[in-house]
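Accompanying notes for the structure given below.
The values are calculated or read from the model by the stated rules, or taken from the named source; none is laboratory data. For clarity, every value in this text was computed on a predicted model and none was experimentally measured. Don't worry about glycine lacking a Cβ; one is built from the backbone with ideal geometry, like all the others, and counts go over all protein chains shown.
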């Protein structure tokens, strides 16, 4: 094996580990459960946002310069700063960090230690998170390198046994639009947004290994991304199939975490349930520590030290500890309005950067982003329980709106208007 191949494999596994968030495992089985016999259609939608867009995000960021602000800078520096803050908060205390604690409680603590309350579990979880985030110990990295393979092996046992010895035959599901529902469920992984942040880490690793040209970085990231995609595709696809085969075994209103833990019990018995719960919990803990440190580093950096790293970590864990007590289902519900507003913007920035990058005029970027936001804001309000009837009536006439993608046509029109403005000025 030559050095280049070895480096691709190493970076590919690193990407896999970054996107293989333990908290994300609860979404594919649930979509399989809801879609039933058409689970393969739902899988395509979920894979686009759960794997495809994150990997494209890494490549786009590498082309743009390596950071969120490079990627979004084509719209404008102020917009880039706002978007970067929004993304850091989303993968930090507003959504992702509290969810790691909630998943840990519902999958690791509650099934095995039911006498521990949610509040106490959250307090212990974030006390450990704070200790390690404050010390920035390499112990967490070492534990993570052991945990990822352990969690993967546990899942492989569950998935392979569930495939060769199905729990039952998939029955018709309840989703009217399995593709678009799964596409949106993929937003909950938050990996397309996180990929823009992870890109900086990956690019730094490639530069350290001697790949200093942007062209080489993009090529290496792309090949490594294929490796990560194959691994994630197998895991997510397998879990979605297991969810589809469990439709007749569990009640219709079962929650995401409960479904996954029950599938593990159904396939591997109590040992499987305990092993999966333990592996997911510890993996969630290492994710929480890493994200808390990322939030602390980011806000300390952009304020040039005026906000201290320690103070930011304290605020992050305190807010997250309280928010985590509402439970996974509530956190997912709260996340929906935010994600349906921000995700289309992230998708547009990633696609435009991959298609043309700096060759595409910034007015095209701006027009496409404004077009998407003009629709996704109303989508977010509707999902938050604050619908604006006349706006929603108008949006319903937009092509693809009934399929769950009302922002695509306005984004295209916005980009074309931006292009027309550019040509108009050139003629003048």
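In this structure, residue 277 does not qualify as surrounded by fewer than 21 Cβ atoms within 10 Å (Cβ to Cβ), in contact (Cβ under 8 Å) with a residue 40 or more places away in the chain, assigned to a helix (DSSP H, G or I) and over 17 Å from the mean Cα position of the chain (by Cα). Restricting the search to segment 386-404, which residues are assigned to a loop (DSSP other than H, G, I, E, B) and either within 22 Å of residue 179 (Cβ to Cβ) or touching a residue at least 12 places away in the same chain (Cβ under 8 Å) (or both)? The answer is 396, 397, 398, 399, 400, 404. Against the numbered list (1) loosely packed, with under 15 Cβ neighbours inside 10 Å; (2) over 22 Å from the mean Cα position of the chain (by Cα); (3) in contact (Cβ under 8 Å) with a residue 12 or more places away in the chain, residue 251 comes up short only at (3).
Could you grab me the full set of residues in segment 217-232 that are under 24 Å from residue 22 (Cβ atoms) and buried (at least 16 other Cβ atoms within 10 Å of the Cβ)? Break it down stepwise before answering.
Here is the first cut: in segment 217-232, the ones under 24 Å from residue 22 (Cβ atoms) are 221, 224-232.
Within segment 217-232, 221, 224, 225, 227, 228, 229, 231, 232 meet the criteria.
Residue-by-condition table, conditions (1) surrounded by fewer than 21 Cβ atoms within 10 Å (Cβ to Cβ); (2) closer than 20 Å to residue 261 by Cβ; (3) in contact with a strand residue (DSSP E or B) (Cβ under 7 Å, 6 or more places away or on another chain):
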residue: 45; (1), (2), (3): no, no, no
residue: 56; (1), (2), (3): yes, no, no
residue: 70; (1), (2), (3): yes, no, no
residue: 122; (1), (2), (3): no, yes, no
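Starting from residues that are free of Cβ contacts under 8 Å to residues at least 60 places away in the same chain and in a loop (DSSP other than H, G, I, E, B), keep the ones in segment 405-428 and report whichever is surrounded by the most Cβ atoms within 10 Å (Cβ to Cβ). Out of the qualifying residues, it is 406.
Which is modelled with pLDDT under 90 and either more than 19 Å from residue 280 (Cα to Cα) or within 24 Å of the chain's Cα centre (by Cα) (or both), of 81, 99, 74?
Details: 81 fails: modelled with pLDDT under 90; 99 fails: modelled with pLDDT under 90.
After ruling out the rest, the residue left standing is 74.
Condition check for residue 368 on (1) closer than 22 Å to residue 333 by Cα; (2) part of a helix (DSSP H, G or I); (3) touching a residue at least 40 places away in the same chain (Cβ under 8 Å): one failure, at (1).
Only one of 321, 293 is modelled with pLDDT of 95 or more, surrounded by fewer than 24 Cβ atoms within 10 Å (Cβ to Cβ) and in contact with a helix residue (DSSP H, G or I) (Cβ under 6 Å, 6 or more places away or on another chain). Can you tell me which? Even if it seems obvious, please write down each step before you answer.
Numbers: 293 fails: modelled with pLDDT of 95 or more.
Just one listed residue meets the conditions, 321.
Here residue 307 passes the criteria (1) touching a helix residue (DSSP H, G or I) at 6+ places or on another chain (Cβ under 6 Å); (2) assigned to a helix (DSSP H, G or I); (3) surrounded by fewer than 20 Cβ atoms within 10 Å (Cβ to Cβ) except the one numbered (2).
Kindly evaluate residue 221 against the criterion of being part of a helix (DSSP H, G or I) and either in contact with a helix residue (DSSP H, G or I) (Cβ under 9 Å, 6 or more places away or on another chain) or on the phi < 0 side of the Ramachandran plot (or both). So residue 221 passes the test.
Of the helices (runs of 4 or more DSSP H) lying entirely inside segment 1-48, the ones with 1 or more residues being touching a residue at least 40 places away in the same chain (Cβ under 8 Å), closer than 15 Å to residue 151 by Cα and assigned by TED's automatic domain parsing to the domain that holds residue 156 are found at 3-19. Among the residues of segment 373-380, not a single one is over 22 Å from residue 42 (Cβ atoms) and not in a helix (DSSP H, G or I). Every condition in (1) modelled with pLDDT under 95; (2) under 30 Å from residue 218 (Cα atoms); (3) outside the structural domain of residue 129 (by TED's automatic domain parsing) holds for residue 392 except the one numbered (2). Which ones in segment 321-359 are assigned by TED's automatic domain parsing to the domain that holds residue 83 and not in a helix (DSSP H, G or I)? Scanning segment 321-359 gives 325, 326, 327.
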